[in-house]
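Before any comments, here is the structure.
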Amino acid sequence: MNLSLDFDVSQIPTPCFVLDEKLLINNLEKLNYVQKEAGVNILCALKGFAMWSTFPLVKKYLSGATASSLHEAMLCYEEMQSSAHLCCPLYTDADYDKILEISNHITFNSLSQYERYHAKALEKGLKIAIRINPEYSDSPAALYNPCIPGSRLGATREKFGEKLPEGVTGLHFHSLCESNSYALENTLNAIISKFDDLLKQIEWFNMGGGHHITRKDYDIEHLIKVLKDFKAKYPNIKDIYLEPGEAVGWQTGYLVSKIYDIIENQDIYILMVDTSISAHMPDCIEMPYKPIILGATDYIKGTKKYRIGGMTCLAGDFVGDYSFIEEPQIGDYIVFNDMIHYTMVKTTTFNGINLPHIGIVKEDRSFQLIKSFGYQDYKSRLS
């Protein structure tokens with residue numbers, strides 16, 4: 001089957017997440033361009049991209065990482081060798097002291113969490129922010145919209161007084177999702193209309209994630225203008241942070257699998273592959289969305305209808321329907337495109353199936369196997 005790849009897929013064990021180093025560098029160069037031209041700091045959000053074997057490369061271009069849990073902060077500290085920007089929906093007594101040891105900025109999701117925990121953060125010298133809820137979002141789905149009525153994420157303007165609480169030098173918002181620069185502009189206008197007085201009191205501002213900067217149709221020059229205009233309006237804000245995760249890993253690699261069986265049922269041909277949509281590609285069900293498969297298109301009426309079946313016993317472990325340029329055969333590779341961001345960090349071992357290998361296609365197009373998993377990885381998660 002012609003997959004239009006410039007490397008030899010037969011050298012890759014299946015299933016396997018395969019990052020293309022050349023494509024990652026292209027993304028990092030775009031993000032670094034924005035940093036330099038707009039005079040901002042771009043952080044790697046580990047919730048979207050946490051492939052830590054690439055952190056030495058990522059660190060050459062970006063300004064660090066942002067974490068939403070103790071373990072993400074530890075990964076940043078150990079593998080990126082830098083302190084994390086923390087923005088957790090909830091801090092707990094069990095994790096908090098350790099978090100403070102390995103972080104430099106901390107955002108509290110609510111004023112009550114601030115009241116409970118800010119004193120220690122001040123003692124440790126961390127810069128403190130409160131997450132705000134602008135009550136406006138262009139997010140395409142409610143699942144990813146933190147500004148829905150009754151949201152648990154961020155404090156609305158009515159929660160604040162005229163002055164920010166003691167020690168708070170920053171504000172943080174995150175209400176974008178796969179958004180363009182015009183969505184950011186609209187969001188900033190909404191924030192300015194409600195939080196203008198508080199914006200004049202801060203030293204740093206975190207604009208969160210959801211910036212689809214590396215997408216081909218993203219207007220990077222407009223983004224730079226929006227950021228420059230905002231900085232000019234609030235000269236008191238010395239540091240601005242953006243923290244995309246998806247934009248780092250966007251279109252940088254694949255999930256490579258192999259066909260082991262073909263089942264025909266009511267004129268549908270189910271390609272049974274050695275991976276799982278529910279366990280290894282959960283966003284396809286959560287979002288939901290239909291993954292792009294190399295060498296295939298959406299189903300075209302009048303052609304053979306193919307559906308992709310996963311290897312767990314869950315009845316809904318499938319995606320479809322597709323038409324293939326060349327008729328698939330048992331033993332052929334099925335390559336799912338754009339499977340590095342979010343997908344890799346959400347995998348599970350449901351049904352006891354093995355996690356996919358992890359590998360990198362280097363710039364010289366050679367393949368390097370980074371990690372393989374086995375029974376102990378499944379067993380160690382249980383008791």
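The values are calculated or read from the model by the stated rules, or taken from the named source; none is laboratory data. Predicted model only: the values in this text are computed from it and were never measured. No Cβ is skipped: glycine too gets one built from the backbone with ideal geometry, and neighbour counts run over all protein chains shown.
A few notes on this one:
- Extreme residue, farthest from the chain's Cα centre (by Cα), among residues of region 69-93 that are charged (D, E, K, R) and crowded, with 16+ Cβ neighbours inside 10 Å: 79
- Test result for residue 342, surrounded by 15 or more Cβ atoms within 10 Å (Cβ to Cβ) and farther than 20 Å from residue 50 by Cβ: no
- Among the strands (runs of 3 or more DSSP E) confined to region 272-330, the ones with at least 2 residues that are under 18 Å from residue 356 (Cβ atoms) and modelled with pLDDT of 95 or more are located at 305-309.
- Taken over region 154-178, the criterion of being under 18 Å from residue 211 (Cα atoms) and assigned to a loop (DSSP other than H, G, I, E, B) is satisfied by 173, 174, 175, 176, 177, 178.
- Taking the numbered list (1) buried (at least 19 other Cβ atoms within 10 Å of the Cβ); (2) modelled with pLDDT of 95 or more in turn, residue 217 passes all entries but (1).
- Residue 182 in the same structural domain as residue 239 (by TED's automatic domain parsing), more than 16 Å from residue 211 (Cβ to Cβ), touching a residue at least 12 places away in the same chain (Cβ under 8 Å) and among the hydroxyl-bearing types (Ser, Thr, Tyr): no
- Extreme residue, farthest from the chain's Cα centre (by Cα), among residues of region 331-354 that are assigned to a helix (DSSP H, G or I) and among the hydrophobic types (A, V, I, L, M, F, W, C): 350
- Applying the criterion of at least 1 residues that are touching an Asp or Glu at 6+ places or on another chain (Cβ under 8 Å) and aliphatic (A, V, I, L, M) to the helices (runs of 4 or more DSSP H) found wholly in region 179-264 leaves 181-199, 220-233.
- Within region 22-59, the residues that satisfy the criterion of being among the hydroxyl-bearing types (Ser, Thr, Tyr) and closer than 20 Å to residue 367 by Cβ are 53, 54.
- All positions within region 74-86 that are within 19 Å of residue 346 (Cβ to Cβ) and in contact with a strand residue (DSSP E or B) (Cβ under 6 Å, 6 or more places away or on another chain): 76
- Test: residue in region 90-99 that is in contact with a helix residue (DSSP H, G or I) (Cβ under 7 Å, 6 or more places away or on another chain) and among the basic types (Lys, Arg): yes
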